[in-house]
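K.L.:
Here it is: the structure, laid out below.
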Amino acid sequence: MEFIQEVIASNLANIRKKRGLSLDNMAKLTGVSKAMLAQIENGKSNPTVTTLWKIANGLQVSFSGFLKEMDKPKVKKKNINELNPVIDDDGNYLVYSLFPFHPEKKFEIFTVDLKPGVSHKSEKHIGEEYVLIQRGLLTLDIQGEKFELNADETLKFNAATEHIYTNSSDELVRFYILIFYPD
């Protein structure tokens, strides 16, 4: 896919999603077929100037808005020592929200501190869970199957299953959880 196709595809998809439009609704507004709009959004079609003008007029946006490169993401630095954790289990399970859920990104990232000798049963929830151990030894029980994870090890699983985090050591375990919410 050419760079300009990527830019147009990304901008069109962003406009549609921000307005909460389906491809059908956008097709009605613009007079461009749903199939063509889908191909443009997926970068499989390089639209003509005429087609882009039809889309711009139908959505009441500028033509050049489809051609501008997305702003570079802002750099965001966080220090866990400056965050207030959500605390569970009598202060033994601390969750720091590093990057909260955002619907356009479909994921969230937490840091978790699990104190020595503590188990925490997580409620079943939607999404894929990725656990990355920073320090310590964590035992993760997923529907009765146990996985021991040391520093620098990771595990991915379906979060809609019962899972229990256990620190059976005498040292703090710190790990990261990334939860991805697929469509």
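K.L.:
What order do Glu129, Glu82, Glu153 take when sorted by accessible area (1.4 Å probe), most exposed first?
P.N.:
Ranked from most to least accessible, the order is Glu82, Glu153, Glu129.
K.L.:
Give me the one-decimal nm value for the distance between modelled label points at Asp170 and Lys121, 7 Å along each residue's Cα-to-Cβ direction.
P.N.:
2.9
K.L.:
If you don't mind, there's one more thing I want to ask. Note down the accessible area of Ile164, probe 1.4 Å, to the nearest 10 Å².
P.N.:
Estimated to the nearest 10 Å², Ile164 gives 40 Å².
K.L.:
Another one. Could you give the size of the charge dipole of the chain about its Cα centre, using +1 on the Cβ of each K and R and -1 on the Cβ of each D and E, expressed in debye and rounded to the nearest 20?
P.N.:
Computed about the Cα centre, the dipole is about 1300 debye.
K.L.:
Right, here's the next one. For the chain, what does -39500 (n - 2.57) per DSSP helix run (n ≥ 4), summed and divided by total residues, give at 222 nm, in deg cm²/dmol to the nearest 500?
P.N.:
Details: 4 runs with 43 residues, N = 183.
Computed ellipticity for the chain at 222 nm equals -7000 deg cm²/dmol.
K.L.:
What whole number of Å gives the distance from the Cα centroid of the stretch 45-63 to the Cα centroid of the stretch 1-39?
P.N.:
The stretch 1-39 and the stretch 45-63 have Cα centres spaced 9 Å from each other.
K.L.:
Once the piece of chain linking Glu145 and Ser22 is laid out straight, how much longer is it, given 0.36 nm per residue of separation minus the C-alpha distance between them?
P.N.:
Extra length from Glu145 to Ser22 when fully extended: 40.1 nm.
K.L.:
Please report the orientation-averaged projected area of the stretch 38-183, defined via the convex hull of its C-alpha atoms, in nm².
P.N.:
Value for the stretch 38-183: 12.1 nm².
K.L.:
Listed here are the pairs Lys28/Lys106; Lys77/Lys115; Lys17/Lys106; Lys74/Lys105; Lys18/Lys106; which of them are more than 18 Å apart at the Cα? Show your work: numbers first, answer last.
P.N.:
Details: Lys28/Lys106 28 Å; Lys77/Lys115 26 Å; Lys17/Lys106 13 Å; Lys74/Lys105 14 Å; Lys18/Lys106 14 Å.
Flagged as over cut-off: Lys28/Lys106; Lys77/Lys115.
K.L.:
So, taking all protein chains as they sit and a 1.4 Å probe, how much accessible area belongs to Ser33, in Å² rounded to tens?
P.N.:
60
K.L.:
Please name which of Asn42, Leu98, Leu149 has its Cα lying farthest along the dipole of the stretch 23-157 towards the positive end, using unit charges on Cβ (Lys, Arg +1; Asp, Glu -1) and the Cα centre as origin.
P.N.:
After comparing all options, I get Asn42.
K.L.:
What number, in percent, do you get for the relative contact order of the chain if the mean sequence gap of Cα pairs under 8 Å and at least 6 apart is divided by its residue count? Intermediate values should be presented prior to the final figure.
P.N.:
On the way: 326 pairs, mean separation 32.7, N = 183.
In percent, rounded to a whole number, it is 18.
K.L.:
Can you sort Asp152, Asp183, Asp88 by 1.4 Å-probe accessible area, starting with the largest? Mind dumping the intermediate values first?
P.N.:
Working: Asp152 135, Asp183 170, Asp88 70 Å².
Output order, biggest surface exposure first: Asp183, Asp152, Asp88.
K.L.:
Where q = 0.13, 0.21, 0.23 Å⁻¹, what log10 of I(q)/I(0) comes from the Debye formula for the stretch 40-119, counting one point per Cα?
P.N.:
Listed by q, the Debye log ratios stand at -0.66, -1.05, -1.14.
The values are calculated or read from the model by the stated rules, or taken from the named source; none is laboratory data. This one's a predicted model, so the numbers in the text were calculated from it and none came from an experiment. Note: ideal-geometry Cβ built from the backbone for every residue, glycine included; neighbour counts use all protein chains shown. Calculation scope for accessible area: heavy atoms of the full protein, side chains included, ligands and nucleic acids excluded. Shrake-Rupley method; radii C 1.70, N 1.55, O 1.52, S 1.80 Å.
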